[in-house]
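The values are calculated or read from the model by the stated rules, or taken from the named source; none is laboratory data. Just so it is clear, the structure is predicted and the values come from calculations on it, not from any experiment. Here Cβ is always computed from backbone atoms with ideal geometry, including for glycine, and neighbour counts include all displayed protein chains. For the accessible areas, the whole protein counts, side chains as well, though only heavy atoms, and no ligand, DNA or RNA atoms are used. Shrake-Rupley method; radii C 1.70, N 1.55, O 1.52, S 1.80 Å.
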Amino acid sequence: NKKFFSGFFKGSLIGLILLLCCTVLAYLNGNVSFTLGKITLPLFLGYLVFYLFVSVFEELLFRSFPLRVFAERYAAPLAIVLSSLLFGIAHIGNDDFNWLAMINITLAGILFAIFILQKGNISWAIGLHFGWNFTQGTLLGYQVSGNESPGLLSAKPIGENYLSGGSFGIESSIFCTLVIAITIVYLFLKYKIAPIYENTIIEELEEDT
């Protein structure tokens, strides 16, 4: 798709901004501190490629075929939620996974799906996913879904896990829940995704492929 790269970069910027919003809330509440991290240039570039691969793989896996299958049978909101639940369940085996992480990862899946339906291009979701993970791990030094990721900075969670995210990372923080939920509500109200039904979804996905 000729709009792939523009969608990817815009999505990456949105992912970076959303993750920074979560982090600022945690920082202002005293639930995280930062020190300089220790990461070499080759490792930095390696994680850039790694997170790019992860974002492409997971978006194609969870927001292409499953979303299409559910969209053939159900209204758009239900198709979005079902495919996003699969996304959340896929992370159950990660270290320190908890109920708040499940909620937040599912909400993230909903957010990614909304961008695909609104833009008609999966590149926005890939970029958003990449920007979120890369900022979280390689820039800020958080654990990424329970996995250690060295970064330019090193994040140290402080206080209750439901506020700081604990050893799972900011993705299991209530601040993350708040930021993603507000973004989802805003997109639903602005673009009126809810009334869209299966035929529209299928047509948009087919155009993208």
Rounded to whole Å², per residue accessible area for the chain with a 1.4 Å probe reads 49
With the label point 7 Å along the Cα-to-beta-carbon line of residue 186 and a cut-off under 13 Å to each amide N, the hits in the stretch 8-28 are 14-22
Here the FRET efficiency for residue 74 versus residue 28, based on Cβ atoms and R0 = 25 Å and rounded to 0.05, is 0.05
Mean 1/r over distinct Cα pairs of the stretch 66-121, inverted to a Kirkwood Rh in Å, yields 11.6
Distance in nm between residue 48 and residue 6 label points, each 7 Å along Cα→Cβ, equals 2.4
With +1 at each Lys and Arg Cβ and -1 at each Asp and Glu Cβ, the charge dipole magnitude of the chain around its Cα centre, to the nearest 20 debye, comes out at 480
Packing-ranked peptide list from 82-89, 15-22, 41-48, 133-140, highest mean Cβ count within 10 angstrom first, is 133-140, 15-22, 82-89, 41-48
Between the modelled labels at residue 40 and residue 61 (7 Å from Cα along Cα→Cβ) the distance in nm is 2.9
Per DSSP, the loop-located trypsin sites (Lys or Arg not before Pro) within the stretch 1-45 having at most 14 other beta carbons within 10 Å are 2, 3, 38
With all protein chains present, the chain has a carbon and sulfur share of its accessible area (1.4 Å probe) in percent of 68
Highest mean packing first, using Cβ neighbours within 10 angstrom, the peptides 166-173, 63-70 sort as 166-173, 63-70
